[in-house]
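Please read the structure below before turning to the comments.
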């Protein structure tokens with residue numbers, strides 16, 4: 001059986017609660033310090049916001065958003081062991097405003113019709129998938145919405161995007177994007 005790791009929710013109703021995630025290649029939860037910065041940028045609460053966690057992984061970003069009042073969070077994950085633990089964590093927390101979707105991120109975006117206020121985009125590093133995803137996001141992002149990304153190097157998002165805020169923690173570069 002795969003080793004189970006833990007990450008702590010740092011704010012909101014579930015502050016201090018632990019969620020588990022399996023040992024899986026490429027799965028690296030957003031560190032506490034980076035999540036704290038992100039949610040400071042977003043305004044601490046996400047009351048009434050719809051969020052998409054496109055590469056859910058540990059679920060740290062999506063559960064944090066729910067803990068901070070998001071109206072709805074959709075988590076997309078394709079790994080069966082990771083999905084199993086996300087379901088267990090959702091049940092343990094009583095996360096009734098959560099939709100868990102077993103899907104490939106690009107296929108999900110190509111058929112999804114809902115709009116989101118915040119999209120968390122933290123794909124596995126070194127796969128070069130961001131250039132494929134960023135052009136698909138404007139059609140799913142609310143007019144005043146944000147896209148949060150984590151990358152292994154500085155991000156040049158390309159036409160149509162402004163880097164609103166950015167930072168670095170060790171080897172991880174993170175930023176909050178807005179549409180131009």
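Values in this text are rule-based calculations from the coordinates and carry no lab data. If you're wondering where the values come from, they're calculated on a predicted model, not measured in any experiment. No Cβ is skipped: glycine too gets one built from the backbone with ideal geometry, and neighbour counts run over all protein chains shown.
Relative to the longest principal axis of the C-alpha atoms of the chain, give the angle of the C-alpha long axis of helix 80-93, reported between 0 and 90° and rounded to the nearest 10°.
Roughly 70 degrees, rounded to the nearest 10.
Antiparallel DSSP bridges in the chain: what percent, to the nearest 5? All intermediate terms of the calculation are to be shown ahead of the outcome.
On the way: 18 of 35 bridges.
Percentage antiparallel, nearest 5: 50.
Would the range 83-139 count as rounded, prolate or oblate if I go by the C-alpha gyration tensor, calling it rounded below 1.5 in a/c and otherwise prolate when a/b exceeds b/c, oblate otherwise?
Working: a/c = 2.32, a/b = 1.58, b/c = 1.47.
Prolate is the answer for the range 83-139, as a/c is 1.5 or above and a/b outweighs b/c.
Send over the per residue convex hull volume for the range 1-74, Cα only, as a whole number of Å³.
On the way: hull volume 6.3 nm³, N = 74.
Per-residue hull volume (Cα only) is 86 Å³.
When ranked by the protection proxy of mean other Cβ atoms within 10 Å per residue, highest first, what sequence do the peptides 27-40, 151-164 form?
Working: 27-40: 17.7, 151-164: 13.1.
Output ranking for 27-40, 151-164: 27-40, 151-164.
Could you state the angle between the C-alpha long axis of helix 32-42 and the longest principal axis of the C-alpha atoms of the chain, as a value from 0 to 90 degrees rounded to the nearest 10?
50 degrees
Please label the shape of the chain as rounded, prolate or oblate, based on the square roots a ≥ b ≥ c of the eigenvalues of the alpha-carbon gyration tensor (a/c under 1.5 means rounded; beyond that, a/b larger than b/c means prolate, else oblate).
rounded
Taking only C-alpha pairs under 8 Å that are 6+ residues apart, what is the relative contact order of the range 4-179 in percent?
Computed value for the range 4-179: 17 percent relative contact order.
Which order do the peptides 166-173, 90-97 take when ranked by the mean count of other beta-carbon atoms within 10 Å per residue, highest first? Please report the intermediate quantities before stating the final value.
Working: 166-173: 13.0, 90-97: 14.6.
Result, highest mean Cβ count within 10 Å first: 90-97, 166-173.
By DSSP, what percent of the beta bridges with both residues in the range 125-180 are antiparallel, rounded to the nearest 5? It would help to have the intermediate numbers written out before the result.
Working: 13 of 13 bridges.
Of those bridges, close to 100 percent are antiparallel.
For residue 165 and residue 15, calculate 0.36 nm times their separation in residues minus their Cα-Cα distance, and state this gained length in nm to one decimal. Intermediate results must be reported in sequence, preceding the final value.
Numbers: separation 150, 0.36 × 150 = 54.00 nm, distance 2.47 nm.
Contour length minus Cα-Cα distance gives 51.5 nm.
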